[in-house]
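Engineer: Pasting a structure here, questions to come.
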Amino acid sequence: MPRAVVEDNKRMQLRIQPEQKAMLMRAAALRNTDLTDFIVQLAVREAKAVIEQAEHIQLSKRDSLLVLDLLENPPAPNAKLRTAIAAMPKLV
């Protein structure tokens, strides 16, 4: 389960194998950057990709046409929808 973000703490601790750290340090050196910047750049790039993938929905052509048709020609409200609408607070 994800933990809450701690806003006032700008530090992050990682436990990795010595071989992994050596590889990361070598790669950072090859990029002429320090280890922190190297890891942060890669982690942020990957985080953006994960978020984009999670928030992006790709529909097939058939499903896209179905969604457009439903937007242009919505079905009539059923009993449950009418009940839900009636239960909504009245706006002033």
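The values are calculated or read from the model by the stated rules, or taken from the named source; none is laboratory data. Keep in mind that this is a model prediction, so the values were computed, not measured. Neighbour counts run over all protein chains shown; Cβ positions are idealised from the backbone, glycine included.
Engineer: Does at least one position in the range 52-65 carry a residue that is at pLDDT 95 or above, hydroxyl-bearing (Ser, Thr, Tyr) and exposed (fewer than 10 other Cβ atoms within 10 Å of the Cβ)?
Structural biologist: Looking for residues that are at pLDDT 95 or above, hydroxyl-bearing (Ser, Thr, Tyr) and exposed (fewer than 10 other Cβ atoms within 10 Å of the Cβ), one finds at least one in the range 52-65, hence yes.
Engineer: Let me ask you something else. Hey, can you tell me all the residues within the range 53-92 that are among the aliphatic types (A, V, I, L, M) and within 30 Å of the chain's Cα centre (by Cα)?
Structural biologist: First pass over the range 53-92, keeping only residues among the aliphatic types (A, V, I, L, M): 54, 57, 59, 65-68, 70-71, 76, 79, 81, 84-88, 91-92.
Once the filter is applied, which keeps residues that are among the aliphatic types (A, V, I, L, M) and within 30 Å of the chain's Cα centre (by Cα), the range 53-92 yields 54, 57, 59, 65, 66, 67, 68, 70, 71.
Engineer: Kindly establish whether residue 27 is at pLDDT 95 or above and either surrounded by 10 or more Cβ atoms within 10 Å (Cβ to Cβ) or under 30 Å from the mean Cα position of the chain (by Cα) (or both). Don't jump to the end; show me each part of the working.
Structural biologist: Details: at pLDDT 95 or above: yes; either surrounded by 10 or more Cβ atoms within 10 Å (Cβ to Cβ) or under 30 Å from the mean Cα position of the chain (by Cα) (or both): yes.
It is true that residue 27 is at pLDDT 95 or above and either surrounded by 10 or more Cβ atoms within 10 Å (Cβ to Cβ) or under 30 Å from the mean Cα position of the chain (by Cα) (or both).
Engineer: Could you grab me the full set of residues in the range 32-66 that are assigned to a loop (DSSP other than H, G, I, E, B) and farther than 24 Å from residue 10 by Cα?
Structural biologist: Applying the first criterion (assigned to a loop (DSSP other than H, G, I, E, B)) to the range 32-66 yields 32-34, 56-60.
Matches in the range 32-66: 56, 57, 58, 59, 60.
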